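S.K.: Input: one structure, supplied below.
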Amino acid sequence: MFTSTGSSGLYKAPLSKGLLLVPSALSLLLALLLPHCQRFFVYDLQAVKDDFQIWRLICGRIICLDLKDTFCSSLLIYNFRIFERRYGSRKFASFLLGCWVLSALVDFVLVEAMWYFFGIAAAGNLPSGFLAPVFALFVPFYCSIPRIQVAQILGPLSITNKTLIYILGLQLFTSGSYIWIVAISGLASGICYNSQVFRLHQVLCIPKWVAKFFSWTLEPIFSSAEPATEARIGMGATVDIQRQQRMELLDRQLMLSQFAQVRQQRPQQGGMINWNRLFPPLRQRRNINYQDGRRSEQQASPPLEVSEEQVARLMEMGFSRGDALEALRASNNDLNVATNFLLQH
């Protein structure tokens with residue numbers, strides 16, 4: 001389960017931190033101190049096609065020349081850093097690289113289609129910057145992060161934890177004349193890579209030796225220290241921020257707890273914990289016909305009282321109330337064990 005934002009800053013997200021600092025700093029440098037060098041970073045597909053300036057496919061698709069695009073894309077990268085913490089830096093970098101390469105091909109197709117069908121020449125007016133992979137990240141954002149309603153307005157319309165991210169993406173989508181071409185190519189490449197079409201995730205990926213090299217050289221520079229404690233929440237904080245901070249703190253605690261349990265169980269079992277030995281799968285329990293039949297309510301032991309706060313936490317992570325109640329009762333109100341079981345089944 002994922003949260004859209006969090007309170008851990010850039011902890012365990014060195015690549016996201018690098019994408020925030022380096023391109024933004026270069027964009028400011030070009031805009032304020034070196035405006036005469038901006039021509040080398042123009043994303044001009046016409047020059048690529050006519051003059052074979054292949055280097056523009058790299059230089060023109062890294063640094064934003066518009067400071068508004070730099071600001072919006074930086075905010076989106078900061079919110080999407082959750083994927084790097086969950087997938088790992090190598091898988092996250094492979095996704096960005098694959099979408100960056102695929103989007104260049106889709107850009108060519110869309111530009112040529114516009115010229116062929118409508119006679120519109122947009123090859124020399126595409127916006128520069130690391131924009132297509134940012135739009136591609138909306139695909140796993142839409143598929144992987146659950147919606148948590150924060151408020152409801154105008155009847156059926158509701159504000160969720162993802163609303164502001166979509167609004168920010170819409171702002172970036174409407175910031176230029178032909179940025180919609182880059183947005184469509186980014187979304188198309190994100191769908192193709194996320195759906196593993198033609199095994200693109202295996203072809204366009206970061207090799208292990210490259211990941212180890214950058215992990216050894218650049219990760220110490222861009223790494224962030226783990227927060228000592230969760231930041232205190234002020235009176236003006238929203239309920240959504242409080243919920244996200246609690247969920248992210250719980251997520252870190254669960255990972256540490258699971259790692260400790262695996263280390264304890266591995267010498268005995270030789271592998272991961274077999275949760276089915278603790279209690280049967282919840283989703284199969286309802287369909288099992290016990291041979292002894294149902295026990296009467298007088299003979300059955302009274303159900304274990306569970307904490308509504310723990311039930312609410314599990315429901316915020318996307319589980320149903322029934323599964324949350326059964327998991328807490330079966331684990332004797334141990335929130336860590338119950339959450340680990342629900343995540344793995």
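The values are calculated or read from the model by the stated rules, or taken from the named source; none is laboratory data. As the structure is a computational prediction, the values presented were derived from the model and not from experiment. We place every Cβ from the backbone using ideal geometry, glycine too, and count neighbours over all the protein chains shown. Ligands, DNA and RNA are stripped out before the accessible areas are found, and what is left, the full protein with its side chains, is counted by its heavy atoms. Shrake-Rupley method; radii C 1.70, N 1.55, O 1.52, S 1.80 Å.
S.K.: Go through P220, I165, V134 and say which Cα lies farthest out towards the positive end of the charge dipole of region 14-223; charges sit on Cβ, +1 for Lys and Arg, -1 for Asp and Glu.
M.R.: Sorting the options by dipole projection puts first P220.
S.K.: Which cross-chain or sequence-distant (5 or more) residues have an amide H under 5 Å from the amide H of I159, H modelled 1.01 Å from N in plane?
M.R.: Hits under the 5 Å cutoff: V150, A151, Q152, I153.
S.K.: At 1.4 Å probe size, put R313, R199 in order of accessible surface, largest to smallest.
M.R.: R199, R313
S.K.: What does the charge add up to near L168, with Lys and Arg as +1, Asp and Glu as -1, over the other residues with Cβ less than 13 Å from its Cβ?
M.R.: +1
S.K.: Leaving ligands, DNA and RNA out of it, rank E309, E316, E112, E84 by accessible area with a 1.4 Å probe, largest first. Before the final figure, lay out the partial values.
M.R.: Working: E309 115, E316 40, E112 75, E84 0 Å².
Most to least solvent-accessible, the answer reads E309, E112, E316, E84.
S.K.: To continue, here is another question. For region 14-223, what is the accessible area per residue in Å² when the probe is 1.4 Å?
M.R.: 53 Å²
S.K.: So what are the ³J(HN,Hα) numbers for region 171-181, from phi and the Karplus equation (6.51, -1.76, 1.60; θ = phi - 60°), rounded to whole Hz, Gly and Pro as x?
M.R.: 4, 5, 5, 9, 7, x, 5, 10, 5, 5, 5
S.K.: Here is a further query. Would region 14-223 count as rounded, prolate or oblate if I go by the C-alpha gyration tensor, calling it rounded below 1.5 in a/c and otherwise prolate when a/b exceeds b/c, oblate otherwise?
M.R.: Note, shape of region 14-223 comes out rounded.
S.K.: Could I ask something else about it? Highest mean first, what order results for 332-339, 142-149, 168-175 on Cβ atoms within 10 Å?
M.R.: Descending packing order for the listed peptides: 332-339, 168-175, 142-149.
S.K.: Which Cα, out of Q202, Y87, T174, lies furthest along the positive dipole direction of region 14-223 (beta carbon charges, K/R +1, D/E -1)?
M.R.: Comparing the listed Cα positions along the dipole, Y87 ranks first.
S.K.: Let me ask you something else. Does region 74-161 come out rounded, prolate or oblate, given a ≥ b ≥ c as the square roots of the eigenvalues of its C-alpha gyration tensor, rounded meaning a/c under 1.5 and, failing that, prolate meaning a/b above b/c?
M.R.: Working: a/c = 2.91, a/b = 1.43, b/c = 2.03.
Because a/c hits 1.5 or more and a/b fails to exceed b/c, region 74-161 counts as oblate.
S.K.: In the structure displayed, which of K68/K208; K17/K208; K68/K212; K12/K68; K17/K49; K68/K162 lie more than 31 Å apart, Cα to Cα?
M.R.: Listed pairs above 31 Å: K68/K208; K68/K212; K17/K49.
S.K.: For region 1-115, rounded, prolate or oblate, judged on the Cα gyration tensor with a ≥ b ≥ c (square roots of eigenvalues), a/c < 1.5 rounded, else prolate if a/b > b/c?
M.R.: Verdict is oblate for region 1-115.
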